[in-house]
Structures are given as C-alpha cells and as structure tokens.
Number of protein chains: 2
Amino acid sequence: MSAVDKNTKVLLDPFGTTMVEDYDHLCKEFGIEYFKPLLSKVPNSNMLMRRGIIFGHRDFERILEAMIKHEEFAVLSGIKPTGQFHLGTLMTAKEIVYFQKQGGTTFYCIADIEAYEDNRIPLERSEKYAVENVADILALGLDSKNAYIYRQMKETRVKDLAIMFGRALTLATAKAIYGKRHIGLYLSALIQAGDILLPQLRDFGGPKPTVVPVGVDQDPHLRLTRDLAQKFQRKYKFIPPSATYHKLMKGLTGSAKMSKREAADSLLTLNESPEKISHKISNAFTGGKATIAEQRKLGGIPEICPIYDICMFHFIEKDEDIIKIYNECRNGTLLCGEHKKQTIDIVLDFVNEHQRKRRKFIDKARAILGVM
Amino acid sequence: MSAVDKNTKVLLDPFGTTMVEDYDHLCKEFGIEYFKPLLSKVPNSNMLMRRGIIFGHRDFERILEAMIKHEEFAVLSGIKPTGQFHLGTLMTAKEIVYFQKQGGTTFYCIADIEAYEDNRIPLERSEKYAVENVADILALGLDSKNAYIYRQMKETRVKDLAIMFGRALTLATAKAIYGKRHIGLYLSALIQAGDILLPQLRDFGGPKPTVVPVGVDQDPHLRLTRDLAQKFQRKYKFIPPSATYHKLMKGLTGSAKMSKREAADSLLTLNESPEKISHKISNAFTGGKATIAEQRKLGGIPEICPIYDICMFHFIEKDEDIIKIYNECRNGTLLCGEHKKQTIDIVLDFVNEHQRKRRKFIDKARAILGVM
C-alpha cells in the first residue's frame, strides 16, 4: 500500500485493489488534470469520455494535437495474464481499440513478469491466460496487423530498458511509490516503465507522443515512468508519456474495484457461462432499499450500484437511455429485480457474441505469442 | 557498507573497498570454513593455496570430490569491465585458469551490468575494457576453446534468472546484505546470482557442483546466491555453489585492497609502462622503518607491506625464496630500496611478457565478445 494520504480515503496502489471515493481530491493530490475541458476537441470522442468515466489525464494535449493534425502517436496498454478478461479490464481494451482507430501506433503488452513478481504466477501458467487474453482483445476489435502484441518475458528491449532505469530508481523513491516490497516488485515497476517507453525506441521509429489509457490506480507507474523518461532524456530523447485515467468499476459484491484479486463473485468475466452470469448478477449488491415499499418511496442510489456501473460503463450505448435508468432508479420506478433481469439479458447477449468471435481468434493468439 | 560487525574491524562490502584485518574472525562471523584442512587432498594444489592466500571456502569438499573422481564440475568467475586488469584481479584469473586445468567446465563473466549499476559506466565505455580484459585473461592462460566467455548484458539467460530470483529477495535481506542502495544495485546482485547459477541450467548440461573463486569481499554475493539456489531448488535442482576465498592484496599506497576504486597510484595494472611501474613501486608504502639504521636494527614488517604482497601473492614462485625474503626483511638484512629494485625487475619481466602475449589476443577477444 502506498501513495496514501492519511487524511482522506484516497489510496493509489497499482498492485492492489484501490479504493477511490473522491476523484476530485485525487486530481488535486497527484496533479492529475481533468479530462472534461478537452472533451469538445477530441475527434470521435467515445462513450467513456462523454460520460466522464475517463475523468483525468496527464499531458493528453500532446496526443490530441497529434490526432487532430494526423501526426504520429502511439498507444500502449496491456493486461496481466493472471486470469480471464472481465468487465473491469474491458475499459482499457475499449480505449486501446479506440486510439488505434484514431491512428495510434498500437502496442499491447502481456505483463507476465508482473504476474510473476506480484501475483506469483509462474510463466508456464500465465502463458495459458496470455493466449486467452490476446484472443479476447482481438475479438474486441484490436487490429493485430497494425499492433505490436508481446510478452514482457520475451521482449529483450523492455528488460534492457528496465536494467538501464535501475540506476535511477532510489530505494527512497521505490518505497514512497510502492511501499516496502520485495526487489522483484520494484523490478517489475521498472519493467513496466520499459513497456511504456518501448514505442519510443529507435526500433519503433524513435521518440513519439504515447498515450497510456489506464485505470487511475495505475497512475504511480505513470509518474515513475515520466520521471525516468526525463532522467534518460539525453540518451533516448524520450517524450514524457501521456495518460488517460478512467474511474474504477465497482465489483458485484460492492467492492471498490472489479478486480481479479477480489472474490470470484465480485467480477464478471467475458468467458463465463450463462448460468453463472445470471447467478452473479442476481445475487449482486445494489443501491436498492431493504424493501420494495421503501424503494418505491425513496428510490435507489445508482452511484453505489455495480449493476448501474455495468450499464453505465459498458452496455447502454445511448446517453438518453442511461439517463432514463438513472432517473427511474432514483425515483423508485425501476426496481433492482427488474433492472437485474434487463442487465442479465444485455450481458448474456454481449458475452455470447464475444465468445463466438473469440473462439475464432485462439489460433491467431497462439501464433502471435509463439505458443505451440 | 554492510555486513558490518561493529565490535571489530571486519567489514564485507562487495561493492566497496573492503578492509579486512582479521581473517579468523571473518570465518567465525560469517561461517566461512578454513581451507587449510583440505590442502593436502587438493590435486596439484597451487601457490595461492599453499601460502594460505586462499584461506577460506564454502562447500569446497564438493568440488574436491569431483576433482578427485574426475566428475563434472564448473568454475565461474569474472571481472567488472571498469578498467585495466591489475595485480589484485590477477588472483581470480590465476584461480580460474587453475580450475580449468583441473577439468572444470569454465565460465568467465564480463560484469557489464554491475559496472553500469554500481560504477555508472555506460555500456559503450565498458565494452572497450571488456575487450582488453578478455585479451588479458586469454594471455594469462584461459583456454577459450573450452570456456564460455560472455557479457551479462548480452546473456538473456542470466537476466531471466535475475528476474526469476527477484521475487525471493526481500527488501530487508537486500538492505541487510548491501545496505541502502538504489534498485539497480540490488538488481545487479540478482544478476550476479544468475551468473553463478548459469552453469547449472539445462542449456549447459544441468545441475553440477560449481566453484566460484573470489576475494573474500565477494562472500555476500555467494551467501545470497546460495540462499536463492535453495529457494529455487525445486524448479532448477540447483546444487548450492561452492566458493574459495582469497585474502585481499594491499594497495601500493598501503590501502586495504588493491582496487580500481582506489587512487591510480595504489594499483599496478598489467598494461602499465615500465616508467610508471618503476615510479609506482619506488614510491610505494612499505613495512620499513624511518631510517636505514633503525631498520638494520629492528627489521621491517612484511605483514603490512604491499611490496611483500606483490612477491608473496604472485611473483616469487618458490616457497623457500619467499621465506628467505620474509626473514631477511624481518632481521633487517633486506632493505626496502633493494627489495623494491628487485621487485621492479620481476614485475617488468612479467608485464613485458604479458603485453606481448596479450596483443595477439585482442582480435580473438573482439570475436568472442562480438565487438566490431
């Protein structure tokens, strides 16, 4: 646990399950800028941007300029191969696909070293997840012909950048950002800095604006990497990487973040059986009241409701529809049981379709990762 | 600075210039075993062993058994490419050549990552030293046909072992062994553990007894590596590496260790001009007295004399000759001026001959390291 302001409930721990109750405070505390003022200038802005789910950024103006002027920029994100793709990781996936469509040179990283150092998952095991995760991102629309998809453990350039950066990461800084952890954890942070700066190596055409779309709990990695980019500016001419930050989606049990670290009941994977999806959503925590009568009278609280999050973050495309759901929940017209039923149908449709597409991409995923 | 016993003058800092005033205490404090009881069993024991310069070991019995039974064992040592070979590094060189001749599968590591992390020497610069250092070790008798000579930065297997080991090195252990340092320094310690265990990877025929002949200031690396070997025993079947420890040769200025970290006047490199060699030895600190009269009367103190060390560690082959020098110094017959003159002649002969051989090996060294 780290980057903790003891006076508030703001915690930023990229290796944990972060609790964020006040995004405004976060912006002030860590110097994250608000995304909203830029929104009107973003070409083809997406749902996550419009709804303020992407609420913050660092140096996004640089990317915006490249997008508007049709100049080169890169987008990098990735996944830790520790389990199945779920609705929480789906945000990052949508973001990288969006930036690829806007012309970004695309990098997708399978963070198998982090999975090993942080989650103790041996490479033999993470490889299986890596294949499935890559099939997922392809099914979600990533164009593999125009993307560099790689595993950290196989990418010598990333490891070598981490070794270069090691000299510039003091123990004090490592502890301030990540807390007291084992050396492998600090190393995996350096590896991640290597990932983020990989697109700027000469092999990939040299320095360029790079955007990293992530959940706000990953900001410590960005701060570290921006600092390293500056320290090694002379040698590599790095441009400090930009970032967009999305809010964290709540877990089904009401936990702060839908995460593979939480109980299985807390997350919905993209690979779940219809029965499990129905069961998990039916049993999910909501913002509803104890009795129907009470809810009819007082209304529910969508702000604390993971079912509302599912609709809001992902599945209700039209803004007027999500506003309608919000209002009907608030005024007690829409009850939790009914909303859960609707949501189950929408999620099942999506997951069915996703699984159909995904099956076709498994072989391609193997080929990309060089897995027999 | 680390591994310090505050009650005594024993310090073991593999990254510094270590002061060792009491080798007995060192054995007790860190559990290093005495070499002497094994001496009579060692086939073809060498001068360094006979004279107690190699005074300690860990698990050397394992190597002894392999030597006696003509079973497979490996020897690994290396050099940090931060400057020229000097009389201090010459010990390790002689030791690795010795073990190669006794049948050891030989590994020689150019520790360019350590040179970078610890000494801030960029790879472009250390490469030049690496070539010269390899030419030196070849001129000193290492048979390159039967040795694996490599640079850390180019050896993926070593880097990957370091990444594997990262998970098992706690911050507390890292600090206890190496003190509060930057993350790159801890990483380079893990890299060194990777070097030491490299001979036991499947690519090199799997687990085998391995001896690492080093100065006793390197023992912390050995302790760390032996600990890691045990922690990863299940996966790799590592046999804990053995080590032999030699005493540290004094610097010409009277410093505790002849080291590239010390002033240039303190060390004699194998690549020095005759003038410099004469100058440095002539001006060296000795164990002599302030006046000739006093020395004639009281004798000198060879135990604190770097000139005596040069003879004792390297250049006076016959034991009876070194005993003669010792006694003549002690009883005041041999004065410092005279002994310096004799030593200059011996060193010049050696360096001349070495440089002649070395020149012939420069191209081979380039080829081995893949340097254009």
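Quick notes on this one:
- Of all residues making up the stretch A:36-61, the number that are under 16 Å from A:ILE196 (Cα atoms) and in a helix (DSSP H, G or I): 1
- Check on A:LEU197, part of a helix (DSSP H, G or I), surrounded by 19 or more Cβ atoms within 10 Å (Cβ to Cβ) and facing chain B (nearest Cβ under 10 Å): no
- A Cβ distance below 8 Å, combined with a sequence gap of six or more or placement on separate chains, defines the contacts here; from the stretch B:330-345, residues that are free of Cβ contacts under 8 Å to residues at least 60 places away in the same chain and under 20 Å from B:GLU272 (Cα atoms) reach residues that are open to solvent by less than 30 Å² (accessible area, probe 1.4 Å) and among the small types (Gly, Ala, Ser) in the pairs B:LYS340/B:ALA284.
- Test: residue in the stretch B:201-211 that is in a loop (DSSP other than H, G, I, E, B), away from every other protein chain (no Cβ under 13 Å) and open to solvent by less than 10 Å² (accessible area, probe 1.4 Å): yes
- Each residue in the stretch A:34-60 was checked for being touching a residue at least 12 places away in the same chain (Cβ under 8 Å) and open to solvent by 80 Å² or more (accessible area, probe 1.4 Å), and 5 of them qualify.
- Of residues in the stretch B:146-180 being modelled with pLDDT of 95 or more and charged (D, E, K, R), the one farthest from the chain's Cα centre (by Cα): B:ARG167
- Those residues of the stretch B:122-167 which are out of contact with any Lys or Arg (no Cβ under 9 Å at 6 or more places or on another chain), more than 25 Å from B:ALA229 (Cβ to Cβ) and within 12 Å of chain A (Cβ to nearest Cβ), in sequence order: B:GLU124
- Search result, residues across the stretch A:308-329 that are aliphatic (A, V, I, L, M) and either without any contact (Cβ under 8 Å) to a residue 40 or more places away in the chain or loosely packed, with under 14 Cβ neighbours inside 10 Å (or both): A:ILE316, A:ILE323, A:ILE325
- Qualifying residue in the stretch A:224-237 (condition: open to solvent by less than 20 Å² (accessible area, probe 1.4 Å), modelled with pLDDT of 95 or more and β-branched (Val, Ile, Thr)): yes
- Exactly one residue out of A:ASP59, A:ASP22, A:ASP5 is modelled with pLDDT under 95 and touching a Ser or Thr at 6+ places or on another chain (Cβ under 9 Å), and it is A:ASP22.
- Of everything in the stretch A:145-167 that is of a type in the set (D, E, K, R) and closer than 16 Å to B:THR156 by Cβ, the residue that is most open to solvent (accessible area, probe 1.4 Å) is A:LYS154.
- Yes/no for B:GLY251 being of a type outside the set (A, V, I, L, M), open to solvent by less than 10 Å² (accessible area, probe 1.4 Å) and part of a loop (DSSP other than H, G, I, E, B): yes
- Count of residues meeting criterion [out of contact with any Pro (no Cβ under 6 Å at 6 or more places or on another chain) and either buried (at least 22 other Cβ atoms within 10 Å of the Cβ) or within 14 Å of another protein chain (Cβ to nearest Cβ) (or both)] in the stretch A:99-121: 14
- Within the stretch A:82-144, helices (runs of 4 or more DSSP H) holding 1 or more residues that are aliphatic (A, V, I, L, M) and over 23 Å from A:HIS314 (Cα atoms): A:112-119, A:123-139
- Leading residue by the ranking (surrounded by the fewest Cβ atoms within 10 Å (Cβ to Cβ)) among those in the stretch A:182-194 that are free of Cβ contacts under 8 Å to residues at least 40 places away in the same chain, within 8 Å of chain B (Cβ to nearest Cβ) and aliphatic (A, V, I, L, M): A:ILE183
- When the stretch A:168-181 is filtered for residues that are facing another protein chain (nearest Cβ under 7 Å) and either open to solvent by 50 Å² or more (accessible area, probe 1.4 Å) or in contact (Cβ under 8 Å) with a residue 24 or more places away in the chain (or both), the ones remaining, listed by number, are A:LEU169, A:THR170, A:LYS180, A:ARG181.
- Matching residues, the stretch A:122-144, being small (Gly, Ala, Ser) and surrounded by fewer than 22 Cβ atoms within 10 Å (Cβ to Cβ): A:GLY141, A:SER144
- Of the helices (runs of 4 or more DSSP H) lying entirely inside the stretch A:260-372, those containing at least 2 residues that are over 23 Å from the mean Cα position of the chain (by Cα) and closer than 30 Å to A:LYS154 by Cα span A:336-369.
The values are calculated or read from the model by the stated rules, or taken from the named source; none is laboratory data. Remember, it's a predicted structure, so these values are computed and weren't measured experimentally. All Cβ positions, glycine included, derive from the backbone under ideal geometry; neighbour counts span all protein chains shown. Remember, those area values only see protein heavy atoms, side chains included, never the ligands or the DNA or RNA. Shrake-Rupley method; radii C 1.70, N 1.55, O 1.52, S 1.80 Å.
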